[in-house]
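Only one structure is covered here, and it is reproduced in the block below.
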Amino acid sequence: MAASSMLTKLESSTFMAVLVIYLIVAACYFVFVTAKKERAGWIAYRLMLAGFLLHTVCITARGLNAGRLPLTNQYEFAAAFAWGIALCFLIFVKKYDFNALGCFVAPVIFLIIGYAAMQSKEIHALMPALQSSWLGFHVFTAIIAYGGFGVAFGVSMVYLFQERLQGSSFARSHFPDEETLDLISYRAVSLGFLFLTLCIITGSIWAKRAWGTYWNWDPKETWSLITWIIYAIYLHLRLNRGLRGRKSAIFATLGFAAVIFTYVGVNTLLAGLHSYK
């Protein structure tokens, strides 16, 4: 009981710290891009790193306290969803030296972790359908997929708003050119699409074991498939029809809207086999 109490306090304190840090990060990135304050960008990136590390501690504490992977209800998955976007964001910022991307990605991370804060944090025993070794594979692939799509959304928003920033020395120093932005978005979508495909495959195997059939046309399954089709069309048009530029950015943005509805909208509005509270 003492260990459980300590883990609960650790989870609670780190979660609140992460919530506040991500809010400050979003504000700093906004100041960085709008007021062109270099130090704000420097602070935002380092706070994002700190927030991500604390976020990892929070999720780990939850898992140890629950005695299972903390990926089975609204609160846990929302926290993991935000963690996945933060992870992919940090990877892409490091790879492309594109810190200003945080202006659009950090608010998304904060909103998702804020959504997690509104959910019940009670720890319940797993229902029979969730007692499977496929749980970790299935949900982890979803987290990375959503993380990749979240980064693609942020890059696409930069592309759509970059006309207002063109010409300034700040923009030339901190924003890639249109071709590079388009390439980053494409690579982020490709990452997300690969892991969403794995998510659907592992989910089908899991469904067969849990419910006796690979596909039930459950609302979550249906919207996951719709999301997959949207991004499949995006990749097809890009590779075979030369989809580029503004149209490509709009397509990636619509795809992320489908991602958000698949998670938040379906869980809120449509009851089904995946309606885990």
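In terms of its C-alpha gyration tensor, the range 1-103 has a prolate overall shape, because the principal axis ratio a/c (a ≥ b ≥ c, square roots of the eigenvalues) is not below 1.5 and a/b outweighs b/c.
Cβ-Cβ distance of M127 and V264, R₀ of 22 Å, FRET efficiency by 1/(1 + (r/R0)^6): the value works out to about 0.55.
Put a dot 7 Å past the Cα of W217, heading toward its Cβ, do the same for M6, and the two dots end up 5.3 nm apart.
If the chain linking R209 and S13 were pulled fully straight, counting 0.36 nm for each residue of separation and taking away their Cα-Cα distance, it would gain 66.8 nm.
Using the crude model of +1 on Lys and Arg Cβ and -1 on Asp and Glu Cβ, and no other charge, please compute the dipole size for the chain relative to its Cα centre, in debye to 20.
Numbers: 22 positive and 12 negative charges, 34 e Å.
Roughly 160 debye, rounded to the nearest 20.
Our compactness index for the range 191-262, the C-alpha radius of gyration over the empirical 2.2 N^0.38 Å, is 1.25.
The calculated FRET efficiency for K37 paired with Q119, based on their beta-carbon distance and R0 = 41 Å, is about 0.75. Counting only alpha carbon atoms, the long axis of helix 178-211 and the longest principal axis of the chain meet at about 10°. With respect to the chain, whose longest principal axis is taken over its alpha-carbon atoms, helix 38-66 is tilted by about 10°. Relative to the longest principal axis of the C-alpha atoms of the chain, give the angle of the C-alpha long axis of helix 102-117, reported between 0 and 90° and rounded to the nearest 10°. With rounding to tens, the tilt is 20 degrees. Using the Cβ-Cβ distance between L111 and L49 with R0 set to 30 Å, the FRET efficiency works out to roughly 0.90.
Can you pull the Kirkwood radius for the range 2-269, inverse mean 1/r over Cα pairs, to one decimal in Å? Walk me through the intermediate numbers first.
Values: mean 1/r = 0.0520 Å⁻¹.
Over the range 2-269, the inverse of the mean reciprocal pair distance is 19.2 Å.
Laboratory data are not the source of any read-out in this text; all were calculated from the coordinates shown. Note that this is a predicted model, so its numbers are computed, not measured. Note that each Cβ is placed from the backbone with ideal geometry, even for glycine, and that neighbours are counted across all protein chains shown.
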